[in-house]
1. So which helices (runs of 4 or more DSSP H) stay within the range 57-126 end to end and still have 3 or more residues that are closer than 23 Å to Ile275 by Cβ and not aromatic (Phe, Trp, Tyr)?
2. With respect to Glu170, is the statement that it is without any contact (Cβ under 8 Å) to a residue 40 or more places away in the chain, more than 16 Å from the ligand (Cβ to nearest atom), charged (D, E, K, R) and surrounded by fewer than 21 Cβ atoms within 10 Å (Cβ to Cβ) true?
3. Of all residues in the range 232-246, which are of a type in the set (A, V, I, L, M) and either touching a Cys at 6+ places or on another chain (Cβ under 8 Å) or under 20 Å from Arg122 (Cα atoms) (or both)?
4. Inside the range 39-69, can you point out the residues that are among the hydrophobic types (A, V, I, L, M, F, W, C), within 13 Å of the ligand (Cβ to nearest atom) and either farther than 13 Å from Val174 by Cβ or over 17 Å from the mean Cα position of the chain (by Cα) (or both)?
5. Output the qualifying pairs, or none if there are none: Cβ atoms under 6 angstrom, residues six or more apart or on different chains, first residue in the range 7-31 and on the phi > 0 side of the Ramachandran plot, second residue more than 16 Å from the ligand (Cβ to nearest atom).
Amino acid sequence: MTEVIRDVATLRMLQGTWRRAGESIGLVPTMGALHAGHMALVQAAREECAHVIATVFVNPTQFSPSEDLDAYPDVFDADLQLLRDNRVDVCFAPTRDIMYPDGFATTVRVSGLTDHLCGATRPGHFDGVTQVVAKLLNLGAADRAYFGQKDWQQLAVVRQMARDLNFPTEIVGVPTVRAADGLALSSRNVYLTEAEREIAPVLNRTLRNAAAQIARGHGAAGVCEASARALIEAGFSSVDYLECRDAQTLAAQERPNPGTARVFAAAKLGKARLIDNVAVG
Ligand code: PAF
């Protein structure tokens, strides 16, 4: 039975009990609207840890005023059922006041890795992510915390933060879960109309195609430019970025060594902003 906890004291008490018994804890931070991609994180946590805490909190500080915070899907009952079906021990679902009480004044910023890709196109987004993840790592006192590789840059930023600030939690990346046609599962896919859902898998196909060309020795800049044009021709309304970058440092790459780089993209399709990334070689 998944216990719903909304306050910090109860979460800490339960963790203390597990810790004293020498039992490991896995943390799965989410913003709700859960799908099979989140369940892959839960599954990984269940395999490696005695207890799993999933957090459901739509973090306002990682949305800019022009983004979809108010429209973000809120389906808590369905989320809880899914967590129960997947035998999660605790669903930590705090209110905004619990996470950011009056007078909250602390920012956590990772520089460098946040200069590019979503960091450049969504200014302030990663400051919100690191702020809330730092809090969740402290509250969750987990041995391991699980993040999806679809948000590759987020994973890199969180890893850097955990290393720099000596969080004892191991940050684990879990492969992207895709629909049969290649579309990466995302809570924001619910924004897609039926017609847009038909177009959406072109993103992954285009990235795979771009990665294959770069792996064959074509210059990344030209390949990425042509790929961005192909997305627009397929029906995407705009492309925030489509770039080849080092998988670890996120530095731009023109002719990367096999296995060291990825092609990253964010593109808008109707109301949805889709992101994806694939390995080169
Ligand atoms: O990936 C997400 O859902 C969010 O960015 C996270 C890590 C839960 C922080 O709010």
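1. Once the helices (runs of 4 or more DSSP H) in the range 57-126 are filtered for at least 3 residues that are closer than 23 Å to Ile275 by Cβ and not aromatic (Phe, Trp, Tyr), what remains is 117-121.
2. no
3. Val239, Leu242
4. Ile53, Ala54, Val56, Phe57, Val58, Phe63, Leu69
5. So the pair list comes out empty.
Let's see how each residue does on (1) closer than 18 Å to Cys118 by Cβ; (2) within 16 Å of the ligand (Cβ to nearest atom); (3) not polar (S, T, N, Q):
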{"residue": "Arg178", "(1), (2), (3)": "no, no, yes"}
{"residue": "Ala184", "(1), (2), (3)": "yes, yes, yes"}
{"residue": "Leu207", "(1), (2), (3)": "yes, no, yes"}
{"residue": "Ala212", "(1), (2), (3)": "no, no, yes"}
{"residue": "Ala221", "(1), (2), (3)": "no, no, yes"}
{"residue": "Glu225", "(1), (2), (3)": "no, no, yes"}
{"residue": "Phe236", "(1), (2), (3)": "yes, no, yes"}
{"residue": "Val239", "(1), (2), (3)": "yes, no, yes"}
{"residue": "Thr249", "(1), (2), (3)": "yes, no, no"}
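Throughout, read-outs are computed from the coordinates displayed, never taken from laboratory work. Every value quoted in this text rests on a predicted model; they were computed, and no experiment measured them. For neighbour counting, all protein chains shown are included, and Cβ atoms are generated from backbone atoms with ideal geometry for every residue, glycine included.
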